[in-house]
Amino acid sequence: MVKLTIDNKTVEVPAGTSVWQAAKSVGIDIPTMCYIEETEHFTSCMVCLVKEAGSGRFFASCSTPVVEGQVIITNDAETVESRVASLELLLSEHVGDCEAPCQLVCPAHMNIPLMNRLIAAGDFPRALEIVKRDIAIPSILGLICPAPCEAGCRRKQVDEAVSICSLKRFAGDEDLKSTAPYLPEFSTPSGQRVAVIGSGPAGLAAAWYLQLKGHQATIFEKNVEAGGDLRKIDTENLPREILDKEILVILSSGVLIRLNETVDENRFSELQKEYDAVVVAIGTVKDGMSVFGLEKSMHGIITEKHSYLTSSPKVFAIGNSLRNSKMAVRSVGQGKEVAIVIDNYLKTNVVKSFHERFSSKFGKLFEGEFTQYINDSESAVRQHAGREGFTANEAMIEAKRCMHCDCRNPESCVLRELSDRFEVSQRRFKVDERKPVERLIHREGVVYESNKCIKCGICVRLTRQYKEAFGFTFIGRGFDVRVGVSFNESIQKGLVKTAAIVAKACPTGALSMFNEEEQL
């Protein structure tokens, strides 16, 4: 047995044990991307670097055996910086988007490509589930949203953008036609209550998402009907039947509403005492208008950036009360975000900013790269929804035009998770000329995007272990080395036995199953 110290913990393990395994045995987490226990190992990612206390020497913990009397440091500032540098070097050659451009420019950050794939497959209920995770009122927004997401759609570089807004409306309309509209799974009731002042798009969204998280939301609306400024939109553009039905869905979640109840400064003070948190969603703050004594600027109520906390403790403000905007989708997005912030505050008594996850980006497609994406979509012309919206067939045809620019494994990607954890920059070691985008698609098997590969070798080792006739191998030498199928054979021939195995083991989105969606 070998005795050593790791982060002030005494560890005793058999000779030949790696430092990484020794640390794991006492609950110390050292990140790694190229290590997989079921195969032989070689070091490539360098994310698992640790430091020897005496010499200050850094080494890869996943492939270095323990030494008697060693003193190892895994988490000081220098070691963390070494990991950051390793991750940023990997990202400098990683050509892939964690999220599609359409999703990135959507103010509510909706997972548009996944919605499209589910509609294309005819799975309308799950498409609605994905939409409702970010958009509380999809039918309303599908009619009035100016569609900033379509401005970001890469299909525009080929012909016309996908009709994202109309597809979102289709998902919502299918729900409104149902005798039992969709209600997601609710968190266990917390016993805590939140007052929401205003029933416009921001207030409705905040109340919906707070209710889903187990907190009783009560909306206070000064008018006799809910909807705020949505009621000012002409019925030609927003039929009252759709507005009323979608508000009813919000209320069916258990959200309470008090109509014809004006909140003045005295009532506002009472609400702060009666409720565990208060959300101000009163719409545009006009010049000279009092906002319950909250600090404000010429644009509206002042809040902390990304937390929506006002100058008053446990009072938050969202929507047009911060700054006048014609995009209701922005207010809806803020309603979702403030619910996440308040949920954390009610659980921890600490207000933390809404966290946006790390997202790799590579920019526009080069000439000649469009075919790599068009091959994953249908060539049909853009469908235009009529006044009644898409039929099911029209929606499926339009959804199939999506080029799937997103990563198919955004939740299981270790590179993304570590980049987010260590707050890395993708630009630090940015190269002048990026690698070209390449997609090899086996429609009954995997999608292989070599431009996302970090050359960890896991797929090479696994296909060798499972004795694939061809399998993956390293092709080329030095900086030009890449991973591909032996003898330039097809993906189909290379991964006869191991398609699902290597896709699951891949630490990035380079390998994924063609017909499998992650359970997001």
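The values are calculated or read from the model by the stated rules, or taken from the named source; none is laboratory data. Model, not experiment: these values are computed from the prediction. Every residue, glycine among them, receives a Cβ derived from its backbone with ideal geometry; neighbour counts consider all protein chains shown.
Being touching a helix residue (DSSP H, G or I) at 6+ places or on another chain (Cβ under 9 Å), in a helix (DSSP H, G or I) and either modelled with pLDDT under 95 or closer than 21 Å to Ile140 by Cα (or both): is that true of Leu243 here?
yes
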* Structure fact -> Every listed condition ((1) in a loop (DSSP other than H, G, I, E, B); (2) within 23 Å of Arg169 (Cβ to Cβ)) holds for Val332 save (1)
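Taking segment 158-177 as the search range and keeping residues that are outside any helix (DSSP H, G or I) and either in contact with a helix residue (DSSP H, G or I) (Cβ under 9 Å, 6 or more places away or on another chain) or of a type in the set (Asp, Glu) (or both), which one is nearest to Ile140 (Cα to Cα)?
Ser163
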* Residue satisfying condition, being more than 19 Å from Gln211 (Cα to Cα), modelled with pLDDT under 95, touching a strand residue (DSSP E or B) at 6+ places or on another chain (Cβ under 8 Å) and of a type outside the set (Ser, Thr, Tyr), within set Phe292, Phe268 -> Phe292
* Asked: Residues in segment 466-483: is at least one small (Gly, Ala, Ser), over 28 Å from Met46 (Cα atoms) and not assigned by TED's automatic domain parsing to the domain that holds Ala127?
  -> yes
* Name the residues in segment 189-230 that are assigned to a loop (DSSP other than H, G, I, E, B) and on the phi > 0 side of the Ramachandran plot, would you? -> Gly191, Gly198, Gly214, Gly227
* **Sole exception among (1) among the hydrophobic types (A, V, I, L, M, F, W, C); (2) farther than 25 Å from Pro101 by Cβ; (3) assigned by TED's automatic domain parsing to the domain that holds Gly200 for Ala392, by number** => (3)
* **Where a residue in segment 244-269 is over 19 Å from Ala317 (Cβ atoms) and its partner, wherever it lies, is among the polar types (S, T, N, Q) and surrounded by fewer than 16 Cβ atoms within 10 Å (Cβ to Cβ), with Cβ under 8 Å and at least six apart** => Leu259/Asn223; Asn260/Asn223
* Structure fact -> If we ask which residues in segment 409-449 are at pLDDT 85 or above, among the hydroxyl-bearing types (Ser, Thr, Tyr) and farther than 13 Å from Ile491 by Cα, their number turns out to be 2
* Asked: Which one of the conditions (1) without any contact (Cβ under 8 Å) to a residue 24 or more places away in the chain; (2) surrounded by fewer than 12 Cβ atoms within 10 Å (Cβ to Cβ); (3) part of a loop (DSSP other than H, G, I, E, B) does Lys364 fail to meet, given that it meets all the rest?
  -> (1)
* Go through segment 231-283 and give me each residue that's exposed (fewer than 13 other Cβ atoms within 10 Å of the Cβ) and of a type in the set (A, V, I, L, M, F, W, C). => Leu248
* To do: Hey, can you tell me all the residues within segment 34-48 that are under 12 Å from Ser63 (Cβ atoms) and in contact with a Cys (Cβ under 9 Å, 6 or more places away or on another chain)?
  => Cys34, Tyr35, His41, Phe42, Thr43, Ser44, Cys45, Met46, Cys48
